[in-house]
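The values are calculated or read from the model by the stated rules, or taken from the named source; none is laboratory data. Everything quoted here is computed from the prediction, not taken from an experiment. Don't worry about glycine lacking a Cβ; one is built from the backbone with ideal geometry, like all the others, and counts go over all protein chains shown.
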Amino acid sequence: MKIPSIFLSSESDSSLPIVDFCQKNDILILRKSFISFQQVPFEVPGGWEVVFFASPRAFDFFISESFSLGHNQQISCIGEETRKYIEAKGYPVSFFGENAGNPKEIALKFKDWLGDRTALFPQSLKSNKSIETELPPKQKIPLLVYDTIPDPVQFLNPFSILIFTSPSNYRSFSSLNAIPEDSKVIAWGHTTAEALMDDDAPVHFILDTSTYSELLEILHKIID
């Protein structure tokens, strides 16, 4: 199948392999996030042994407050992409989900791994709280560290493939745009897919691991 154009709702350096793929296959690509972010004031509480990051962004906003890991504290995160990002910054990751696109599965595995310890969850004001919902109140400390702000743009031309990397990006996109009937839609994990399906929007592919390597595999299958 010929792919004329791709829209990807991320501008991160991690998405550069998708740019290379498009260049090699003569595909027009637009990388554009439809959301922006703003830090909110916070103080790091005590009484926790594990901090859980649902994204590289949550990590960045949290450590901006001169965070240092205590000798009895560990870092955990949602999946492989976030693990690689955190470890590249020099911090060890003790737990990460293998299928970041399926937060319900990760939540159960994280609960087992956590045991009777207490986890800190730095997050957005618009967090889905997918992981912490499996924990009893005494074992979780939600910490608001940033806000997610819609930043929509109206498209003048359709894209043959639309890749939404988060529910917030999809909601911002859909505030000004409709999904063309003949476009293929790829959702970055099940939470993003659920946001689309709640609007009766089509979802043709769902990333299970929520990695760019998995996305590349899907794109190769589409063009083959």
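If the Cβ limit is 7 Å and pairs must be 6+ apart or interchain, which residue in the range 53-79 that is more than 19 Å from GLN38 (Cβ to Cβ) pairs with which residue that is modelled with pLDDT under 90 and exposed (fewer than 14 other Cβ atoms within 10 Å of the Cβ)?
As it stands, the answer is ILE75/LEU69, since those pairs meet every condition given.
With at pLDDT 95 or above and within 30 Å of GLU49 (Cβ to Cβ) as the only criterion, which of PRO142, PRO202 stands out?
Residue meeting the stated conditions: PRO142.
Would you check which residues across the range 183-210 are in a loop (DSSP other than H, G, I, E, B) and either hydrophobic (A, V, I, L, M, F, W, C) or closer than 17 Å to GLY79 by Cα (or both) and list them?
TRP188, GLY189, ALA201, VAL203, LEU207, ASP208, THR209, SER210
Using the structure shown, decide if GLU81 is acidic (Asp, Glu) and either modelled with pLDDT of 95 or more or within 24 Å of ASN169 (Cα to Cα) (or both).
yes
ASP182 fails exactly one of the following numbered conditions: (1) under 19 Å from the mean Cα position of the chain (by Cα); (2) under 21 Å from LEU215 (Cβ atoms); (3) acidic (Asp, Glu). What is the number of that condition?
Looking at each condition in turn, ASP182 falls short on (1).
Just for the range 85-114: of the residues that are over 16 Å from LEU207 (Cβ atoms) and among the charged types (D, E, K, R), which one is surrounded by the fewest Cβ atoms within 10 Å (Cβ to Cβ)?
ASP112
Any residue in the range 94-113 that's outside the structural domain of GLU134 (by TED's automatic domain parsing) and at pLDDT 95 or above: show its pairings with residues that are surrounded by 15 or more Cβ atoms within 10 Å (Cβ to Cβ) and not in a helix (DSSP H, G or I) at Cβ separation under 7 Å, as long as the two are six or more apart or on different chains.
Listed by first residue and then by second, the contacts come to nothing, as the list is empty.
Taking the range 20-46 on its own, how many of its residues are among the charged types (D, E, K, R) and in a loop (DSSP other than H, G, I, E, B)?
Residues flagged as among the charged types (D, E, K, R) and in a loop (DSSP other than H, G, I, E, B) within the range 20-46 amount to 3.
Is it fair to say VAL203 is touching a Lys or Arg at 6+ places or on another chain (Cβ under 8 Å), surrounded by fewer than 21 Cβ atoms within 10 Å (Cβ to Cβ) and outside the structural domain of LEU108 (by TED's automatic domain parsing)?
For VAL203, the condition - touching a Lys or Arg at 6+ places or on another chain (Cβ under 8 Å), surrounded by fewer than 21 Cβ atoms within 10 Å (Cβ to Cβ) and outside the structural domain of LEU108 (by TED's automatic domain parsing) - is not met.
Quick check, is GLY70 surrounded by fewer than 17 Cβ atoms within 10 Å (Cβ to Cβ) and assigned by TED's automatic domain parsing to the domain that holds LEU135?
Answer is yes for this residue.
Quick check on the range 129-174: of everything there that is among the polar types (S, T, N, Q) and crowded, with 22+ Cβ neighbours inside 10 Å, which residue is farthest from the chain's Cα centre (by Cα)?
Checking each candidate, the answer is SER172.
In this structure, is LEU219 free of Cβ contacts under 8 Å to residues at least 60 places away in the same chain, of a type outside the set (Ser, Thr, Tyr) and not assigned by TED's automatic domain parsing to the domain that holds TRP113?
no
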